[in-house]
Amino acid sequence: MAIKKSQLYSSIWKSCDELRGGMDASQYKDYVLVLLFIKYISDKYAGVPYAAITVPEGSSFKDMVALKGKVTIGDDINKKIIQKIEEENPSLGKIAVDFNDPAKLGSGKDMVKRLTNLIAIFENPALDFSKNRAEGDDILGDAYEYLMKNFATQSGKSKGQFYTPAEVSRVIARTIGIANTKNDTPTVYDPTCGSGSLLLKVADETDKNVKLCGQEMDNATAALARMNMILHNHPISEIVRENTISTPLFKNGNQLKTFDFVVANPPFSFKSWSSGIDPAHDEFRRFQYFGIPPAKNGDYAFILHIIRSLKTTGKGACVAPHGVLFRGNAEAGIRTNIIRRGYIKGIIGLPVNLFYGTGIPACIIVLDKENADNRKGIFMIDASKDFIKDGNKNRLRAQDIHKIVDVFNRQLEIPKYSRMISVVEIEKNDFNLNIPRYIDSQEAEDIQDIEAHIKGDIPTQDIEDLQKYWSVYPTLKNFLFGKSKREGYSTLKIPQEEIRKTIFSHPEFTNYAQTIKATFKAWREKNSLLLKNLSIGIKPKEIIHKISEDILETFSKTYLIDKYDIYQHLMEYWIETMQDDMYLITVNGWKAELAELEAKKGKMECDLVPKYLVINRYFESDKQVIEELQTKLDTTSRKIEEFIEEYNADDGYFSDFEKINKKNVQSRIREIKNKPEDVEELKVMDQYIALCEQESEMKKNIKEAEKALDVKVISKYKKMTESEIKVLVVNDKWMATLKQVVKGEMDRISQRLTGRIKELAERYATPLPILTNETETLSRKVDEHIKKMGFDIN
């Protein structure tokens, strides 16, 4: 069986349980990821001449397996495996993980057991990476990223900074322009590279021969970054360890080396940034012409280092806390100088709580030296409200990423979301770049109209605010609303209870629904052919990119439905189902392989073509028979429940039963069957037994029918042709699911319109005079009632 991505991830993550104990996630990640690395290079490079990585004789994963159970396992892994790999691969640097550390792994038998169990998890035949060639082995790189995300999530507050969320990395990678570079060998540099995830995301955006360079202050994290480069097929990348500000290692003589692209997610507000240097006499002149950052805040130290590291045509991006946009004093002067030189191309405001280790708001500052001289403004995006909750963090969705990238790269101005801010306007605001100064992203308040509450009718402005609907249903508005006697107000022409029916039956509404159906149908027909032509060796990520971009384009001309919402649904289904399906196809082709379920011995299922698809297409009549039997069973079961309830009340025939079941009732029958005085009770007991026997017979019939159907289905799997499998997977599984998703989106839009009109109608349905009259009427009735009771209310 091919490795499913979801199975791969869960299998590797399971290994973490062997190490948790009292160890922090930021520590135990090192052991798991080193083991993954050794397993990977052993499967891919062991015995391969002139390979990018040399796996020495006696130092492969198989040799590690041979150490299981040995009392010297920890020391042997250090000396026989890791040390030898380091010696044969100097560019890899030091793998700063000690497999013989009793403080972390326990001592004696505890260490042996823990390491033995950890190795055993990677022995799983399904984790043979040499046989998994989908996407040039990128499945392993994705597994590494998955683990890094989980480790970062579970690490302490100050220990998750080794990882930049993949979603933020993608935004940076797609907005710096590397996808359009004409340079065949572009250079990319990250001065605070952490585990290297940001560098790799940039590399993913180009098919050019990119050279990746990174510097990282933490020794263990630098080692992880080097391994990450290899896992992602960038073995010649250069990762160095040292403090970037005090000791930059990428240099040309006594000058900083410059790069085509520079990206970074430096530590926020780093207090000791100036340790080891004299900023006023910086040998690399990073602060010259701009100003020296505050002694206890290094945000601009990193930004100025990035600017200095860019070629004159270079482009870059840096994650920074929002404070860099508006803080005063020294930072205000630095910010002014950067703006005046035209280096800032754009600013993207991000949601809070995206990053590991901090929950403060952050932004992406996009830099561009090439076009600095002609820059007349800075393009701003406020994406702070577009995210999804993911545990205790927030996360950008696929649709949020795509929208940010589309809007930024096309410089599209969208109300409450994005606009180009002229340098003149920025100067009038004292070079303050705080995004809310320029983009008001607050939603309009739903204002209560006092006059409407007093005199009735609906404010016309509230109706006009639904213009996006009236542009699609132009005559529906006049069908629902009429003119009021008062200027600025309208009346509802139909009863409130008929609002939904009226909207859903209106010709413009039904025509729009048909348009959406036709739009999806056009996309489905175009892409079904592409999907049915998938074959062994295809690259799933290229396929999903192609069909997802096409669905965006297809729905870009439809009003009301947001193309990014449709895109998000597709991407979610990709993660849930299509991704695993395509990986099965890329390894096995179009094969429907039944396999026994682990949780249900004897039960067979097929991942690519689940049984329900086969039943729905080929055995609909058998399915209906079983459904009818189940309906009869449910009816009988309800009768039994009602029967018990009827005779289980006080003094009922079942009231003394500790448990009411067939066995206990039969026992009671034996006790009373020869007693004339209990003849009525005996009838009740017999009726209960008859119902139970009916229920048992029905269950038996259902079981036999299901077994007979299962035999037919299994037989069908054996005879299924490739074309039949393609129809089941593409038409009945993928496209049928996505069709329902589009329908659901249409339903949500309709419900929003219906709900808003109902809300307005109910809000102003009863004017104040009527309420007052009703109150007075009720008050008089109460007074009269009190008088009748003999009380004097005066």
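The values are calculated or read from the model by the stated rules, or taken from the named source; none is laboratory data. Keep in mind that this is a model prediction, so the values were computed, not measured. Positions of Cβ are generated from backbone atoms using ideal geometry, with glycine treated the same way; all protein chains shown enter the neighbour counts. All accessible areas refer to the heavy atoms of the entire protein, side chains included, with ligands and DNA or RNA removed. Shrake-Rupley method; radii C 1.70, N 1.55, O 1.52, S 1.80 Å.
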Self-check item: Qualifying residues in segment 388-412 (those that are surrounded by fewer than 13 Cβ atoms within 10 Å (Cβ to Cβ) and part of a loop (DSSP other than H, G, I, E, B)) - the one nearest to the chain's Cα centre (by Cα)
Solution: 391
Practice problem: Can you run down the residue pairs with Cβ atoms below 7 Å, 6 or more apart or on separate chains, where the first is in segment 232-246 and farther than 29 Å from residue 40 by Cβ and the partner is surrounded by fewer than 21 Cβ atoms within 10 Å (Cβ to Cβ)? | Solution: 243/217; 243/276; 245/277; 246/275; 246/276; 246/277
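Residue-wise test of (1) open to solvent by 70 Å² or more (accessible area, probe 1.4 Å); (2) more than 17 Å from residue 750 (Cβ to Cβ); (3) part of a strand (DSSP E or B).
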{"site": "462", "(1), (2), (3)": "no, yes, no"}
{"site": "468", "(1), (2), (3)": "yes, no, no"}
{"site": "472", "(1), (2), (3)": "no, no, no"}
{"site": "477", "(1), (2), (3)": "no, no, no"}
{"site": "482", "(1), (2), (3)": "no, yes, yes"}
{"site": "487", "(1), (2), (3)": "yes, yes, no"}
{"site": "494", "(1), (2), (3)": "no, no, no"}
{"site": "501", "(1), (2), (3)": "yes, no, no"}
Quiz item: Among (1) part of a loop (DSSP other than H, G, I, E, B); (2) open to solvent by less than 90 Å² (accessible area, probe 1.4 Å), which single condition is residue 656 missing?
Solution: (2)
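Say we look at segment 45-64 and pick out the residues that are outside any loop (DSSP other than H, G, I, E, B) and touching a helix residue (DSSP H, G or I) at 6+ places or on another chain (Cβ under 6 Å); which of these is least open to solvent (accessible area, probe 1.4 Å)?
The first filter runs over segment 45-64 and keeps only residues outside any loop (DSSP other than H, G, I, E, B), leaving 45, 61-64.
With touching a helix residue (DSSP H, G or I) at 6+ places or on another chain (Cβ under 6 Å) added as a condition, the list becomes 61, 64.
Working: 61: 15, 64: 0 Å².
Selected residue: 64.
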Exercise. Exactly one condition in (1) at negative phi; (2) of a type outside the set (A, V, I, L, M); (3) open to solvent by 100 Å² or more (accessible area, probe 1.4 Å) is not met by residue 651; state its number.
Key: (1)
Practice problem: Residue by residue through segment 269-301, note down the ones that are touching a Ser or Thr at 6+ places or on another chain (Cβ under 8 Å), over 23 Å from residue 325 (Cβ atoms) and open to solvent by less than 60 Å² (accessible area, probe 1.4 Å). | Solution: 277
Quiz item: In segment 307-327, how many are open to solvent by 40 Å² or more (accessible area, probe 1.4 Å) and hydroxyl-bearing (Ser, Thr, Tyr)?
Solution: 2
Quiz item: All but one of (1) at negative phi; (2) in a loop (DSSP other than H, G, I, E, B); (3) open to solvent by less than 10 Å² (accessible area, probe 1.4 Å) hold for residue 194; which doesn't?
Solution: (1)
Exercise. State the number of residues belonging to segment 113-124 that are open to solvent by 20 Å² or more (accessible area, probe 1.4 Å) and assigned to a helix (DSSP H, G or I).
Key: 6
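Please go through segment 200-217 and pick out each residue that is touching a residue at least 24 places away in the same chain (Cβ under 8 Å) and open to solvent by 10 Å² or more (accessible area, probe 1.4 Å). Steps first, please.
Within segment 200-217, the first condition is being touching a residue at least 24 places away in the same chain (Cβ under 8 Å), and the residues that meet it are 200-206, 208-217.
Hits for segment 200-217 are 201, 204, 205, 206, 208, 209, 210, 211, 216, 217.
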Quiz item: Residues 220, 225: which one is in a helix (DSSP H, G or I) and open to solvent by less than 20 Å² (accessible area, probe 1.4 Å)?
Solution: 225
Exercise. Report yes if residue 715 is without any contact (Cβ under 8 Å) to a residue 40 or more places away in the chain, surrounded by 11 or more Cβ atoms within 10 Å (Cβ to Cβ) and small (Gly, Ala, Ser), otherwise no.
Key: no
Practice problem: Could you check how many residues of segment 289-333 are of a type in the set (Ser, Thr, Tyr) and out of contact with any Asp or Glu (no Cβ under 9 Å at 6 or more places or on another chain)? | Solution: 2
Quiz item: Across segment 287-330, what is the total count of residues that are touching a residue at least 60 places away in the same chain (Cβ under 8 Å) and within 22 Å of residue 260 (Cβ to Cβ)?
Solution: 10
Self-check item: Positions within segment 92-109 being touching a residue at least 40 places away in the same chain (Cβ under 8 Å), under 22 Å from residue 60 (Cβ atoms) and surrounded by fewer than 20 Cβ atoms within 10 Å (Cβ to Cβ), in sequence order
Solution: 93, 94, 96
Quiz prompt | All positions within segment 339-384 that are of a type outside the set (Gly, Ala, Ser), under 18 Å from residue 424 (Cβ atoms), touching a Gly at 6+ places or on another chain (Cβ under 9 Å) and open to solvent by less than 40 Å² (accessible area, probe 1.4 Å) | solution = 378, 379, 380
